[in-house]
Structure formats: C-alpha cells, structure tokens
Amino acid sequence: MALQRTAGRLWRVGADLGVTDNARLFKTAAVSCRRAPPLGLMPNEDIDSQNLESLEKYRSYARYITAAEKASNKEVWWKTYKKHVEEQTDPDFRPVNIGLPYHRPSRKKEVQERLKMVMENRRNPDLERATRLRTFRISLDTVKAEWEKTNGPYHIQRLAEHYGIYRDLFPMAYFVPRVSLRVTYGDDSSAAVHYGNHLSPTQASVAPHITFEAEENSLWTLLLTSPDEHLQDGEQEYVHWLVGNIPGNAVLSGEEIAPYLAPFPAKGTGFQRYVFILFKQDARVDFSDDVIPSPCYCLKQRSFKTAQFYRKYEELITPAGLAFFQSQWDESVTNTFHTLLNMREPVFEYDRPPVYHPPQQKYPQGQPLRYMDRYRGEKKHTYGIY
C-alpha cells in the first residue's frame, strides 16, 4: 500500500508538470514488480500429486543417490542453499597454510619404485609360499610408519578440522602436521593420546612422555592448551604446559615456560578438548616475557590465546605436530579445585522441566502393568493406588 501511495503521488506530480505518460509507466512498473511471474516451474511442481503411482521407482539406495546427486547438480532458476552459501563466502578470504613447507616427490619416481617392489615380491619364493599357505604376516608398526609418511598428516588434518581445532586456535589458518607427535601418560605409557580419544583427568594428572623425530641441532616448542575450559571468557584458553627451546626431542631439557597443570573440566560441562601443538623453531627464542612462576595455580595467570602466542613469534616458530584428546569430570577434579587452585568447585547443572503425564484414566486400555506408577505421589486424586 505504501508503494502504491508513493507511485500515485509521483503520478500526480508528473501530471502537474505535463509528464503523465512517464508517471503512468512508473506506476505500472512499481505495482507489477511485487508479483513478478516465476521464471519457470516451482520446485516439485512437475509432480502429479494425484497420481503418485506414476512416479519412477528407484528400487535401490544406490539408484536413489545417483538420481539425487544429478538433481542437486542440475541448474535451476531459483536461489538454492548452495548458491546462497557461495555468495556469502569471499573467495579471496580463505584459510592460510602456516605449517611446514612440503615438496612432494615425483609421481613418476613413486610409480617406478612401486613397480620395482611388486616385481621383487613376485620373485620371492618364501613370500609366495607364505601367501599360499596363509601364514604371511605384516607388521603393524611398519604399516603405521608408512602411513605417517604418506597419508597420515592429511588424515590428522581432517580430524582436527572435524573437532574444530584450527577454527578455535588458529582462526582462518591451518597446518598439516608433518611431524608425528607421540604423547603417552603413565609410568608404563598405558594411556596414549591420539586424535580425539577419551582420557580421564586422573590418567592425565602428571606430565606425559613426549617423543618425536627431530634433527640433532633443531629447536622445538611444545604447547598444551584447552580451548573449552576457561570459566569466565569463552574466547580465552588455559595453558596447561608450555616448554620452549627444546633441543632435539629432549623435552625435559627445554625451558619450562608454564609448568604442567592437570586437566580440570568442570562438572556438568561434558567432554573438553586438550590439544598438544609442536612448533619447530628457526632459532633460539627469548620467552622471558611469557614465563609463569612455578608452581602456578592462579587461573588468571594461565589465561592464554594460542593465536596471539603464534603471532608474537611467527617469524621464529612454525606449527609442525599435533595430538589431542578429550576429557570430562571425575573425582580428581574436585581435589584439583580445592587443593591446588584453592577455590570452590563450579558445578553446571541443567534444570529439567517436570515430566508431563496425561490425565489418568480410570480404566486404561492397552497400557503397561506399571501404568499407575507414574501418578504415584501426586496431589490429585488417583485411581487404584493405595
């Protein structure tokens, strides 16, 4: 109605000025633009709802998936969700790879080495006999070592993206973990950290054992942080362990910037992520401004931001390794809050609404034998409960 009044007012002004034809055209276009005809059939308009038996029967899930993918890739005149998302995304604003540089070996050389190995295996009589008698065994350590050199870093990267590690620690950046980081807890290394597995705070109560492959004269930095644990600011983290200037893979010989603190996920918050990040240093770094006194049980001093730490030393450190686990509350967390942190333990609870029960029937039909138990203890009059 407001558009019609505006068009009418312009038409009257145009009539006074002697331009009634143009004003009339403007009014017609302004009113008709509200109900422009569609550019084609609406979605599912070509389906005869009165005769559903005439529709094509897929008769298998594979045929249905093929037809669905074909329909999703078909060009349509209306704005789909895919088009809407692509328009909102700026193509020039993409995540940046901040990891170690990688030079892939020649594909031709890889194929030649693989064919050479296949020919050697075919000429090996012992291997042929073990295969025929089904006694051939492959060492899982050998398979894991080969996986870590080939597809492992990319698989770990996909897992980290799935768990939101890059999104919360390195906004608009990522890295491919080229260095295999092995983290184990316990004296017998019984609790290992992989990529999202569950460990209890009791298992992670003391500093873990860290191993990785490193050159003799190289320097490294190791970080343990939690993006979900901060009690006051959801954008901040708590640093649980930070060791810099590690010579080779001797973590205990490095400079301890922040002493180790066991995980303390608050009760009622569910599983929380704890991330180990290994940085490779180009030279020795002066971390004197970031040193936390040991022991440190002040959460304010342990407030941390991985992105800010990396930006501060990005000219000297490069993320190279990654491992992370999840943990939730157990009884050791209570002792951590009361004894170490010297504070009351926060508990997060959910107030559930009362369970709704329909009005009780005097003679229920088709109900289980314990039908009346749900009404026990109510103030209203019940039937058959004494």
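The values are calculated or read from the model by the stated rules, or taken from the named source; none is laboratory data. Given the structure is predicted, the values throughout are model-derived calculations rather than measurements. Please note: Cβ atoms are built from the backbone with ideal geometry, for glycine as well, and neighbour counts cover all protein chains shown. In case anyone asks, the SASA skips ligands and DNA or RNA and just uses the protein heavy atoms, side chains included. Shrake-Rupley method; radii C 1.70, N 1.55, O 1.52, S 1.80 Å.
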| task | Please list GLU378, GLU315 in order of solvent-accessible area, largest first, computed with a 1.4 Å probe with all protein chains present. | result | GLU315, GLU378
| Can you list the residues, at least 5 places off or on another chain, whose amide H is less than 5 Å from the amide H of LYS267, using H built in the peptide plane? | PHE348
| Looking at segment 305-382, which chymotrypsin sites (Phe, Trp or Tyr not before Pro) are in a loop (DSSP not H, G, I, E or B) and have at most 14 other Cβ atoms within 10 Å? | PHE348, TYR350, TYR356
| request: Distance from a point 7 Å along Cα→Cβ of LEU41 to each backbone N in segment 57-71: keep the residues under 18 Å and list them by number. | output: 57-58, 67-71
| message | Counting other C-beta atoms within 10 Å, and keeping those with at most 10, which DSSP coil trypsin sites (Lys or Arg not before Pro) do you find in segment 119-203? | response | ARG123, ARG134, ARG137
| remark: Residues whose built amide H sits under 5 Å from the amide H of ALA191, excluding neighbours closer than 5 in sequence, are TYR185
| What is the set of long-range amide H partners of ALA173 at a cut-off below 5 Å, with H atoms built 1.01 Å from backbone N? | VAL96
| query | Among LEU100, LEU169, LEU252, which one moves the most in a GNM of the chain with springs linking Cα atoms closer than 10 Å? | reply | LEU252
| message | I'd like the Karplus ³J(HN,Hα) series for segment 186-194: coefficients 6.51, -1.76, 1.60, θ = phi - 60°, whole numbers in Hz, and an x wherever there's a Gly or Pro. | response | x, 5, 9, 6, 7, 10, 9, 9, 10
| remark: Total charge of the residues flanking GLN203 in space, meaning their Cβ is under 15 Å from its Cβ, with Lys and Arg +1 and Asp and Glu -1, is -4
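For n ≥ 4 DSSP H runs only, could you compute -39500 (n - 2.57) per run for the chain, divide by its residues and tell me the 222 nm figure to the nearest 500?
The helix contribution divided over the chain gives -8500 deg cm²/dmol.
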| message | I need the per residue convex hull volume for the chain, using only the alpha carbons, in cubic angstrom as a whole number. | response | 456
| field | Global geometry of segment 168-231, whether rounded, prolate or oblate, following the gyration tensor of its Cα atoms and the 1.5 cut on a/c | value | oblate
| Going through segment 119-160, which chymotrypsin sites (Phe, Trp or Tyr not before Pro) have at most 14 other Cβ atoms within 10 Å and a DSSP loop state? | PHE136
| task | Treat each spin label as a single point 7 Å out from the Cα along the C-beta direction, and report the HIS381 to LYS300 distance in nm. | result | 6.4
| remark: Heavy-atom accessible area per residue of the chain, all protein chains kept, 1.4 Å probe, expressed in Å², is 72
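Compute the Cα gyration tensor for segment 284-325, then decide on rounded, prolate or oblate, letting a ≥ b ≥ c be the square roots of its eigenvalues: rounded whenever a/c is under 1.5, prolate when a/b is larger than b/c in the other cases, and oblate in all that remain.
It is oblate, given that a/c is not under 1.5 and a/b is not larger than b/c.
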| Prolate/oblate/rounded label for segment 121-209 (Cα gyration tensor, a/c 1.5) | oblate
| task | Give the angle, between 0 and 90 degrees and rounded to the nearest 10, that separates the Cα long axis of helix 107-122 from the longest principal axis of the Cα atoms of the chain. | result | 60
| query | Could you state the number of Å between the C-alpha centres of segment 321-386 and segment 291-310? | reply | 37
| remark: HN-Hα couplings for segment 60-73 via Karplus (6.51, -1.76, 1.60; θ = phi - 60°), in whole Hz with x for Gly/Pro, come out as 7, 5, 5, 5, 5, 4, 4, 5, 5, 5, 5, 5, 6, 8
| Which of MET42, MET343 is most accessible, then next, and so on - probe 1.4 Å | MET42, MET343
| request: Find out how many positive minus negative residues lie around TYR163, taking Lys and Arg as positive, Asp and Glu as negative, among other residues whose Cβ is under 12 Å from that of TYR163. | output: 0
| task | With a 1.4 Å probe and every protein chain left in place, tell me how much accessible area HIS240 has, in Å² to the nearest 10. | result | 0
| said: Suppose every Lys and Arg Cβ carries +1 and every Asp and Glu Cβ carries -1, with no other charges. What dipole size does the chain come out with about its Cα centre, to the nearest 20 debye? | reply: 2000
| message | I'd like the accessible area for VAL111, computed on protein heavy atoms only with a 1.4 Å probe and all protein chains in place. Round to 10 Å², please. | response | 60
| remark: To the nearest 10 degrees, the tilt of helix 2-17 (Cα long axis) against the first principal axis of the alpha carbons of the chain is 60
| message | I need to check one value: relative contact order of the chain, counting alpha carbon pairs closer than 8 Å and at least 6 residues apart, in percent. | response | 13
